[in-house]
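S.K.: Below you'll find the structure I mean.
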Amino acid sequence: MKKIDITKILASYDPKNITIATVCSHSSLQIFNGAKKEGFKTLGIAVGKVKKFYDAFPLGKPDEFFTVDDYKDIPDRSAELQEKNVIVIPHGSFVEYLGPDNFLQLQLPTFGNRHVLMWESDREKERMWLEGAGIDMPQEIRNPHEIDCPVIVKYHGAKGGKGFFIAKTYEEFERRVEKDKPYSIQEFVMGTRYYLHYFYSPIQNNGYAMKKGSLQLMSMDRRDETTIDEVQRLGSIAELEELGIHPTFVVTGNIPIVMRESLLPEVFRMGEAVVEKSLELFGGLLGPFCLETVVTEDLKFKVFEISARIVAGTNPYISGSPYSEFIQPDLSTGRRIAQEIKFAVKHKQLNEILS
Ligand code: AMP
């Protein structure tokens, strides 16, 4: 989608009357709550029918619902949403269910740089970006015959880790792999997982200084994944595998966490490098993003994935996190997004944070 379209759409908007919208799922309660705190109108795009549970959460419920039969109908209804001065906040489910092509073509101003999707969803490009930024990633094993350490096999585009499995030998890999699905094989990194939630602003200088703008660390979480995170209740993984019971990596929730303070310089170094490289490669990663990491026993980070928008791991921090509390009390990532839009409206810089 060309930037010019967004400029045109924005020209028709009343900047004093912006509505913040997202699809009712994933981190929508947080996004609506944050937008309301910053004085915006909110609109929830409900697929199918409006979910009743929003009534139970008045401070997270959008002011208005906009119902569509299917995600795929959203692009066709863009004109109606434009009339409501809508700015869309994309989240993982939004992009996943709408589909990358529809998302890229959506005729609505969208928070962040949507072209990041091309770099994030293609594993080769993602590696080029992150390793190019000097980030250490788990080794990729191209030839399964060369498996000589525990590996994790990931199917491309798998939702929430579905179908991923661990193999320790070629034979084990061969027994379990579904060859008709594209996959990649990664060294299984032993250590503890930290999912780091950053916010990069190209227009505000209120954090860790960057060449342009600044970087903030909003929070961290650890994902709760079934069945791997609880499987030991039934016996050792080796015992269970003998019975044909294999652990899975399906995300069911998120657990708050803080890190040794001495690791924070490296957290910022990595965030900075990833943003600077993104500016060089494709015009920059804007707003919230997440580096998914494992910290090894020698206190080194390995980054196995990047998520270039708000992640559900920020949901435990509606009223702030042990990090965002040092920025401003009561600051969620959803609220930080709304603040960025508010600042850009005030300084006539919306074009710099939307695409
Ligand atoms: P992903 O879809 O890449 O986020 O992976 C799903 C889950 O698999 C992660 O949340 C981790 O628990 C686990 N995982 C992914 N890659 C690795 C790796 N290289 N080493 C260890 N665990 C991993």
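S.K.: Counting only heavy atoms of the protein chains, get the accessible area per residue of the chain (1.4 Å probe) and round it to a whole Å² value.
M.R.: About 47 Å² of surface per residue is accessible.
S.K.: Right, here's the next one. Give the residues of segment 38-56 whose amide nitrogen is closer than 13 Å to a point set 7 Å from the Cα of residue 84 in the direction of its Cβ.
M.R.: Flagged as within label range: 41-47, 50.
S.K.: Would you please name the trypsin sites (Lys or Arg not before Pro) within segment 142-246 that are DSSP coil residues with at most 16 other C-beta atoms within 10 Å of their C-beta?
M.R.: The qualifying sites are 142, 162, 168, 179, 211, 212.
S.K.: Return a whole-number percent for the relative contact order of segment 129-280, with Cα pairs under 8 Å and 6 or more residues apart as the contact set.
M.R.: Normalised by residue count, the contact order of segment 129-280 is 25 percent.
S.K.: Let me ask something else about it. What residues of segment 165-190 lie in the reach of a label at residue 232, counting those whose backbone N is under 11 Å from a point 7 Å from the Cα along Cα→Cβ?
M.R.: none
S.K.: Moving on. If you project the alpha carbons of segment 51-177 onto their three principal axes, what span does each projection cover, largest first, in Å?
M.R.: Each principal axis gives a Cα extent; for segment 51-177 these are 57, 34, 27 Å.
S.K.: Between residue 169 and residue 266, what is the FRET efficiency for a Förster distance of 35 Å, r being their Cβ-Cβ separation, to the nearest 0.05?
M.R.: After rounding, the FRET efficiency stands at 0.55.
S.K.: While we're looking at this one, here's another question. So what's segment 149-219 giving for Cα Rg divided by 2.2 N^0.38 Å, two decimals?
M.R.: Dividing the Cα Rg of segment 149-219 by 2.2 N^0.38 Å gives 1.68.
S.K.: Which value in deg cm²/dmol, rounded to the nearest 500, describes the helix-derived mean residue ellipticity at 222 nm for the chain, given -39,500 (n - 2.57) per DSSP H run of n ≥ 4 and division by the residue count?
M.R.: -8000 deg cm²/dmol
S.K.: Right, something else. For segment 1-110, what's the relative contact order in percent, using C-alpha pairs closer than 8 Å and at least 6 residues apart?
M.R.: 33 percent
S.K.: Per residue and in Å³, how big is the convex hull formed by the alpha-carbon atoms of segment 1-110?
M.R.: So the per-residue hull volume is 89 Å³.
S.K.: In addition: More than 18 angstrom separation, counting every C-alpha pair in segment 222-355; what % is that?
M.R.: Cα-Cα pairs in segment 222-355 separated by more than 18 Å: 68 percent.
S.K.: Sequence neighbours fewer than 8 away in the same chain don't count; with that in mind, list the lysines whose C-alpha is under 28 Å from residue 212.
M.R.: Cross-link targets: 2, 3, 8, 16, 37, 125, 277, 300, 302, 342, 346, 348.
S.K.: Go through segment 267-308 and name the GluC sites (Glu not before Pro) that are in a DSSP coil and have 12 or fewer other Cβ atoms within 10 Å of their Cβ.
M.R.: Answer in residue order: 297.
S.K.: Still on this model: Need one value: the accessible area of residue 178 in square angstrom, 1.4 angstrom probe, rounded to the nearest 10.
M.R.: 80 Å²
S.K.: Any chance you could get the radius of gyration and Dmax over the Cα atoms of segment 204-286, in Å?
M.R.: 19.2, 56
S.K.: How much length, in nm to one decimal, is gained on full extension between residue 65 and residue 181, taken as 0.36 nm per residue of separation minus their Cα-Cα distance?
M.R.: Here the answer is 38.0 nm.
S.K.: How high is the relative contact order of the chain, in percent, counting Cα pairs under 8 Å that sit 6 or more residues apart?
M.R.: With pairs under 8 Å counted, the relative contact order is 20 percent.
S.K.: Once R0 is set to 35 Å, what does the formula 1/(1 + (r/R0)^6) return for the Cβ-Cβ distance between residue 258 and residue 148, expressed as a FRET efficiency to the nearest 0.05?
M.R.: 0.50
S.K.: What is the log10 of I(q)/I(0) for the chain, computed with the Debye formula using one identical point scatterer on each Cα and no solvent, at q = 0.12 Å⁻¹?
M.R.: -0.91
S.K.: I'd like to know which of 103, 59, 200 lies farthest towards the positive end of the charge dipole of the chain, counting +1 on Cβ of Lys and Arg and -1 on Cβ of Asp and Glu.
M.R.: The one lying farthest along the dipole's positive direction is 59.
S.K.: Right, another one. With all distinct Cα pairs included, what does the Kirkwood hydrodynamic radius of segment 133-279 come out to in Å, to one decimal, could you say?
M.R.: Answer for segment 133-279: a Kirkwood hydrodynamic radius of 17.8 Å.
S.K.: What is the extension gain from residue 325 to residue 16, computed as 0.36 nm multiplied by their sequence separation minus the C-alpha to C-alpha distance, in nm to one decimal?
M.R.: Going from the current span to full extension adds 108.4 nm.
S.K.: Please report the spacing between the Cα centers of segment 193-227 and segment 281-355 in Å, no decimals.
M.R.: Using only Cα atoms to place each centre, the spacing works out to 4 Å.
S.K.: Within segment 201-242, report the GluC sites (Glu not before Pro) that DSSP leaves as loop and that have at most 14 other Cβ atoms within 10 Å.
M.R.: For GluC sites (Glu not before Pro) across segment 201-242 that sit outside H, G, I, E and B with at most 14 neighbouring Cβ atoms in 10 Å, the list reads 230.
S.K.: OK, next. Distance in nm between label sites at residue 8 and residue 56, each 7 Å beyond Cα in the beta-carbon direction?
M.R.: 4.5 nm
The values are calculated or read from the model by the stated rules, or taken from the named source; none is laboratory data. Everything quoted here is computed from the prediction, not taken from an experiment. Note that we place each Cβ from the backbone using ideal geometry, even for glycine, and neighbour counts take in every protein chain shown. The area values use the complete protein model at the heavy-atom level, side chains included, leaving out ligands, DNA and RNA. Shrake-Rupley method; radii C 1.70, N 1.55, O 1.52, S 1.80 Å.
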